[in-house]
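**Q** One structure, as structure tokens, below. Some questions next.
The values are calculated or read from the model by the stated rules, or taken from the named source; none is laboratory data. Predicted model, so just to flag it, every value in this text is computed and none were measured. Here the Cβ is made from the backbone with ideal geometry for all residues, glycine too, and neighbour counts use every protein chain on show. Areas reflect the complete protein model, heavy atoms only, side chains present, ligands, DNA and RNA absent. Shrake-Rupley method; radii C 1.70, N 1.55, O 1.52, S 1.80 Å.
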Amino acid sequence: MSDSIGETAEQVARATASQFNSGEFDIIRIPYINSVEQIAETVREATKHTCIICHTLVSPDLRDALLEQAQEHNIQTVDIMGPMIHAVQNITEMTPRLKPGLVHKLDQEYFKRVEAVEFAVKYDDGKNPLGLLKADIVIIGVSRTSKTPLSMYLAHKKVKVANVPLVPEAPLPQELFQVPSHRIVGLIIDTFKLNEIRSERLKTMGLAPDASYANISRINEELDYARTIMRRLECPVIDVSNKAIEETANRILEVVQKNKLANS
């Protein structure tokens, strides 16, 4: 529950749920709580289930109403923002603004993020080579090395990313060779890991898992080609075989930061 969009509480809930292997959890986000009546309705619904209510309500009146009604119905609540706000207030002796949604206000940083997301969508998968020259980072790699998820993740960090698939039979755009090497990042992956990923992808599409797309020889051919292109471009290369999206993204953000320092 939140008196803003509820994104913070949901992320904490999902991170917590990931620590338990005993079953699946249903996570329901209820945003824009602004009345005691909404809280009462939510608590009544919660009594029908075995659940915990976690919240980022910053309004003291709404927090008190939730606590009172949840205790009345023996429902456990977790206040995610409250303890942090109180701790900062204690050490700074400042009064918090207690205004919902401040972190999502429509400021310049917000619009930069939106612009970066739109950029990532527009220049995904080599759609328009003109974007390569405008990008903060260009990601290259064979299919299923997480180029698109990385582009979107980095876009939410306000980084403009274009990505280009490396396919031996497909000619590369000349614009790629005009991009400075330090603004390109190549992604490689273990052959058998990629075989596993592609086989699963074929299954979800209802295709035979032994199609050439997941064939070991074909994968090795693509990876050899990718390495050749990356050597030609002299770009940094990241092995994503056993890396989460966040870990790879952090490595790329380090490249972006170095570029900024070099150009400052």
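**Q** For segment 105-263, give the magnitude of the charge dipole about the Cα centre (Cβ charges: +1 Lys/Arg, -1 Asp/Glu; no others), in debye to the nearest 20. Can you show the working numbers first?
**A** Working: 24 positive and 21 negative charges, 83 e Å.
In total the dipole reaches around 400 debye.
**Q** Moving on. So for the chain, averaging the separation of alpha carbon pairs under 8 Å that are six or more residues apart and normalising by length, what relative contact order in percent results?
**A** Numbers: 354 pairs, mean separation 37.6, N = 264.
Taking the mean separation of contacting Cα pairs over the length of the chain, I get 14 percent.
**Q** Using 1/(1 + (r/R0)^6) with R0 = 41 angstrom and r between the beta carbons of residue 181 and residue 108, what's the FRET efficiency to the nearest 0.05?
**A** Numbers: r = 31 Å, r/R0 = 0.75.
Taking R0 as 41 Å, the efficiency between residue 181 and residue 108 is 0.85.
**Q** Excluding ligands, DNA and RNA, what is the solvent-accessible area per residue of the chain at a probe of 1.4 Å, expressed in Å²?
**A** Numbers: 16120 Å² over 264 residues.
Normalised by residue count, the accessible surface of the chain is 61 Å².
**Q** Here is a follow-up. Restricting to segment 105-263, compute how many DSSP beta bridges are antiparallel as a %, nearest 5.
**A** Numbers: 0 of 12 bridges.
Around 0 percent antiparallel, to the nearest 5.
**Q** Suppose each label sits 7 Å from its Cα in the direction of the beta carbon; what would the residue 78-residue 115 distance come out to in nanometres?
**A** In this crude label model, residue 78 to residue 115 measures out at 3.7 nm.
**Q** Still on this structure, please answer the following. Quote the accessible area belonging to residue 121 in square angstrom, nearest 10, computed with a 1.4 Å probe and with ligands, DNA and RNA left uncounted.
**A** Roll a 1.4 Å probe over it and residue 121 shows about 80 Å².
**Q** Mind listing the phi-derived Karplus ³J(HN,Hα) values for segment 152-157, rounded to whole Hz, using 6.51, -1.76 and 1.60 with θ = phi - 60°, and x for any glycine or proline?
**A** 6, 4, 5, 4, 6, 9
**Q** Separate question: Answer with one residue from 13, 33, 47: the one whose Cα lies farthest towards the positive end of the charge dipole of segment 1-103, charges on Cβ with Lys, Arg +1 and Asp, Glu -1.
**A** In segment 1-103, that residue is 13.
**Q** Using amide H atoms built 1.01 Å from N in the peptide plane, name the residues 5+ places from residue 54, or on other chains, whose amide H lies under 5 Å from its own.
**A** 78
**Q** Right, here's the next one. Ranked from the most accessible area to the least, with a 1.4 Å probe and all protein chains present, what is the order of 183, 231, 14, 29?
**A** On the way: 183 55, 231 160, 14 125, 29 105 Å².
Sorted by accessible area, descending: 231, 14, 29, 183.
**Q** Right, next: To the nearest 10 Å², what's residue 5's accessible area with a 1.4 Å probe?
**A** Only protein atoms counted, so the area is about 40 Å².
**Q** So if a site counts as exposed when it's one of the GluC sites (Glu not before Pro), its DSSP state isn't H, G, I, E or B, and it has at most 14 other Cβ atoms within 10 Å, what's the longest stretch of the chain without one?
**A** Between the exposed loop sites, the longest stretch runs 94-168.
**Q** Continuing with this model, one more query. Please list, in chain and number order, the residues 5+ apart from residue 239 or on another chain whose amide H is under 5 Å from its amide H, with Hs placed from the backbone.
**A** 188
**Q** Ordering 81, 1, 205 from largest to smallest accessible area (1.4 angstrom probe), what's the sequence? Numbers along the way, then the final one.
**A** Working: 81 70, 1 20, 205 105 Å².
Descending accessible area places them as 205, 81, 1.
**Q** Next up: Would you calculate, for the chain, the mean residue ellipticity at 222 nm contributed by helices, counting each DSSP H stretch of 4 or more residues as -39,500 (n - 2.57) and dividing by all residues, to the nearest 500?
**A** It lands at -14500 deg cm²/dmol.
**Q** If you count only protein heavy atoms and use a 1.4 Å probe, how large is the accessible surface of residue 177, to the nearest 10 Å²?
**A** The accessible area comes out at roughly 70 Å².
**Q** Of the listed values [x] 18.2, 64; [y] 17.8, 60; [z] 23.7, 68, grab the one calculated as Rg and Dmax of the Cα atoms in Å from the structure here.
**A** The value computed from this structure is option [z].
**Q** Using a Förster distance of 22 Å, how high is the FRET efficiency between residue 221 and residue 130, based on the Cβ-Cβ distance and rounded to 0.05?
**A** Details: r = 29 Å, r/R0 = 1.33.
Rounded to the nearest 0.05, the efficiency is 0.15.
**Q** Fully extended, how many nm does the chain gain between residue 207 and residue 86 (0.36 nm per residue separation, minus their Cα-Cα distance)?
**A** Numbers: separation 121, 0.36 × 121 = 43.56 nm, distance 5.54 nm.
In short, 38.0 nm is gained.
**Q** Taking every pair of Cα atoms in segment 138-260, average 1/r, invert it to obtain the Kirkwood radius, and report Rg/Rh to two decimals. Display every interim value, and only then the final one.
**A** Details: Rg = 14.5 Å, Rh = 15.0 Å.
Ratio of gyration radius to Kirkwood radius for segment 138-260: 0.97.
**Q** Working out 0.36 nm times the residue gap between residue 15 and residue 196, then minus their Cα-Cα distance, what length gain in nm do you get to one decimal? Show your work: numbers first, answer last.
**A** On the way: separation 181, 0.36 × 181 = 65.16 nm, distance 2.59 nm.
Result for the pair: 62.6 nm of gain on full extension.
**Q** Pick out, from 171, 250, 185, the residue whose Cα sits farthest towards the positive end of the charge dipole of segment 128-264, with +1 on the Cβ of Lys and Arg and -1 on the Cβ of Asp and Glu.
**A** Of the options given, the answer is 250.
**Q** Follow-up. How large a share of the accessible area of the chain, in percent, is made up of carbon and sulfur atoms when the probe is 1.4 Å and the other protein chains stay in place? Walk me through the numbers on the way to the answer.
**A** Details: 8340 of 16120 Å².
Summing carbon and sulfur atoms, their accessible area is 52 percent of the total for the chain.
**Q** What relative contact order, as a whole-number percentage, does segment 117-167 give when Cα pairs under 8 Å and 6 or more residues apart are counted? Intermediate results must be reported in sequence, preceding the final value.
**A** Details: 83 pairs, mean separation 26.0, N = 51.
It rounds to 51 percent for segment 117-167.
**Q** Using the crude model of +1 on Lys and Arg Cβ and -1 on Asp and Glu Cβ, and no other charge, please compute the dipole size for segment 1-88 relative to its Cα centre, in debye to 20.
**A** Details: 5 positive and 13 negative charges, 46 e Å.
Here the size comes out at about 220 debye.
**Q** Tell me, what HN-Hα J-couplings in whole Hz come from the Karplus equation 6.51 cos²θ - 1.76 cosθ + 1.60 at θ = phi - 60° for each residue of segment 65-77, using x for Gly and Pro?
**A** 5, 5, 4, 5, 6, 5, 4, 4, 9, 6, 10, 6, 10
**Q** Right, here's the next one. Quick one: of 99/160; 134/193; 160/243; 127/157; 193/260, which pairs are farther than 28 Å apart, Cα to Cα?
**A** Working: 99/160 31 Å; 134/193 32 Å; 160/243 22 Å; 127/157 22 Å; 193/260 34 Å.
Checking Cα-Cα distances, 99/160; 134/193; 193/260 exceed 28 Å.
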